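Single-structure report; data block below.
The values are calculated or read from the model by the stated rules, or taken from the named source; none is laboratory data. Not measured: the values here are computed from a predicted model. Glycine gets a Cβ as well: all are built from the backbone with ideal geometry, and neighbour counts include every protein chain shown. Areas reflect the complete protein model, heavy atoms only, side chains present, ligands, DNA and RNA absent. Shrake-Rupley method; radii C 1.70, N 1.55, O 1.52, S 1.80 Å.
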Amino acid sequence: LAKTTQPISMDSYEGQEVNITCSHNNIATNDYITWYQQFPSQGPRFIIQGYKTKVTNEVASLFIPADRKSSTLSLPRVSLSDTAVYYCLVGTRRVYNNNDMRFGAGTRLTVKP
Amino acid sequence: GAGVSQSPSNKVTEKGKDVELRCDPISGHTALYWYRQRLGQGLEFLIYFQGNSAPDKSGLPSDRFSAERTGESVSTLTIQRTQQEDSAVYLCASSLAGQKNNEQFFGPGTRLTVL
């Protein structure tokens, strides 16, 4: 499983756009990039997944450059309720062994009023 | 519909006691995962089931930990002779194998406190 590196923490203000970048230099050809969000005292929940270029849903956008060695989760106009830990996960869609399902340390985003 | 449920939600036990944690996955989800999350830390993968089989148990922290799954449904994580370092939130997740994005659906977790 490709190792991922994310900033430990980020601060933002309400209404701003937040971009969280994840580095995954040894991403494999079959790997997808998935982001999860975890609120305090809750389990993580799926936000978005992509393979290349750009993916957008009602919650966020995911930008993946051509070399796929990094990805950026973009949250438009954040609110206080977006304060959470965001995890980047890189791996194949099918889990074959333990190494296919390892989360990184995550980025703790704090949105201030 | 019903999501992943876990029981108990909280468990306080004394050092040396055995505990059993339960996970009820979403109906029809063939894949099931257990994670451990210590206070303020990230997710630590423990074990994964495809159906009732766990192909790789090397993620379990020690031989005091064991897990089983029956009927491609309920799973139990058992910790024998608990130690204070076992204190954490234990999260269970399930996914529909073959689903386009293999999205994992997490339960609320069991908070284990070992005194």
- Note on the structure: Selection from segment B:46-63 of residues assigned to a loop (DSSP other than H, G, I, E, B) and either touching a residue at least 12 places away in the same chain (Cβ under 8 Å) or touching a Lys or Arg at 6+ places or on another chain (Cβ under 8 Å) (or both) yields B:Gly51, B:Asn52, B:Ala54, B:Gly59, B:Leu60, B:Pro61
- Out of A:Val55, A:Val85, A:Val111, sole residue that is within 14 Å of the chain's Cα centre (by Cα) and in contact (Cβ under 8 Å) with a residue 24 or more places away in the chain: A:Val85
- Name the strands (runs of 3 or more DSSP E) wholly within segment A:1-82 that hold at least 3 residues that are more than 14 Å from chain B (Cβ to nearest Cβ) and more than 30 Å from B:Pro25 (Cα to Cα)? A:9-13, A:18-23, A:70-75
- Within segment B:10-45, residues under 16 Å from A:Pro44 (Cα atoms) and at the interface with another protein chain (Cβ under 10 Å from one of its Cβ atoms) come out as B:Tyr33, B:Tyr35, B:Gln37, B:Gly40, B:Gln41, B:Gly42, B:Leu43, B:Glu44, B:Phe45
- Query: When you scan segment B:79-115, how many residues do you find that are open to solvent by 30 Å² or more (accessible area, probe 1.4 Å) and more than 14 Å from every other protein chain (Cβ to nearest Cβ)?
  - Reply: 8
- Meets criteria (over 28 Å from A:Pro113 (Cβ atoms) and open to solvent by less than 50 Å² (accessible area, probe 1.4 Å)) for A:Gln38: no
- From the residues in segment B:24-45 that are outside any loop (DSSP other than H, G, I, E, B) and open to solvent by 20 Å² or more (accessible area, probe 1.4 Å), which one is nearest to B:Ala97 (Cα to Cα)? B:Asp24
